[in-house]
1. Can you give the local net charge around residue 73? Use residues other than it whose beta-carbon is closer than 15 angstrom to its beta-carbon, Lys and Arg +1, Asp and Glu -1.
2. Convert each backbone phi in the range 72-83 into a coupling constant with the Karplus relation 6.51 cos²θ - 1.76 cosθ + 1.60 (shift: θ = phi - 60°), then list the ³J(HN,Hα) values in order as whole Hz, x for Gly and Pro.
3. Can you give the FRET efficiency to the nearest 0.05 for residue 137 and residue 89, using r as the Cβ-Cβ distance and R₀ = 30 Å?
4. Determine Rg/Rh for the range 128-210; Rg is computed over alpha-carbon atoms and Rh is the Kirkwood hydrodynamic estimate from the same atoms.
5. Could you calculate the contour length gain from residue 204 to residue 184, that is, 0.36 nm times the residue separation minus the distance between their Cα atoms, to one decimal place in nm?
6. As an exercise, identify the GluC sites (Glu not before Pro) in the range 141-211 lying in DSSP coil whose Cβ has no more than 13 other Cβ atoms within 10 Å.
7. Express the relative contact order of the range 110-190 as a whole percentage, based on alpha carbon pairs under 8 Å and six or more residues apart in sequence.
8. Over the range 59-147, average the accessible area per residue using a 1.4 Å probe and give it in Å², no decimals.
Amino acid sequence: MANKNSPGGRGTPAGGRGGSGGRVVRMPERKFPVGLIVAASLVAAVIIALAVVIYLDVNQQATGGEPEGTETIDVGTAGQHTTATVDYDRTPPAGGEHDPAWQNCGFYAEPIRSENAVHSLEHGAVWISYSPELPEEQRQTVSELASGQTYILASPVEDLPSPIVATAWGKQLQLENAGAPELEQFVQAFRQGPQTPEFGAACTGGVGTPS
């Protein structure tokens, strides 16, 4: 019997081409403007940078700010690497040219190279320099402070202007006693503080083995 739906009894096989039903309709590709993507990336970078600055500022304010007597020092731009011995203009230095390898943070009973220590300052460390003649009790105070927190470097340094000198990148404080409350205040204000050129960079994986 002839198929009613097909002239001459021949129906259209399933999957066959039947008139316009076999045409594939392609949707136009959606293109994203490159300029918009670049602009969005730049805005995101600015927002992240602002968030870091705000965090550092709030963190410093929460610690009460820098202690009285803190000196601000112009040390030039960061990122100046050299393998040579640097003739710094002060002891200990607060920035400037430095070795490509940073000093691992922690307490040292023996002197370390200033060039490596300055690189640690660039990463946000606080360097507590103490006189080799510092009494054992005060030396223990420095050791406990350096060993109990990250991003603190402590070592003996000859010819200091005072028995204790606390240094951050571009910041320095001279103290007569390791038990002075200003020492811990300095640490709280500048350990990974707003003066840090390379915030978040490591203070491990460099050179030296602390005690």
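The values are calculated or read from the model by the stated rules, or taken from the named source; none is laboratory data. Note that the structure is predicted; figures quoted are calculated from it, not measured. So basically every Cβ, Gly included, is an ideal-geometry build from the backbone, and we count neighbours across all protein chains shown. Keep in mind that these areas ignore ligands, DNA and RNA; they rest on the heavy atoms of the full protein, side chains included. Shrake-Rupley method; radii C 1.70, N 1.55, O 1.52, S 1.80 Å.
1. Result for the local shell: -4.
2. 9, 10, 7, 10, x, 7, 7, x, 8, 9, 7, 9
3. Values: r = 32 Å, r/R0 = 1.08.
For residue 137 and residue 89, the calculated efficiency is 0.40.
4. 0.94
5. Details: separation 20, 0.36 × 20 = 7.20 nm, distance 2.16 nm.
Extra length available between residue 204 and residue 184 comes to 5.0 nm.
6. On the way: sites: 144, 158, 176, 182, 184, 198; in loops: 158, 176, 198.
Within the range 141-211, the qualifying GluC sites (Glu not before Pro) (loop, at most 13 other Cβ atoms within 10 Å) are 158, 176.
7. Working: 119 pairs, mean separation 28.0, N = 81.
Across the range 110-190, relative contact order equals 35 percent.
8. 47
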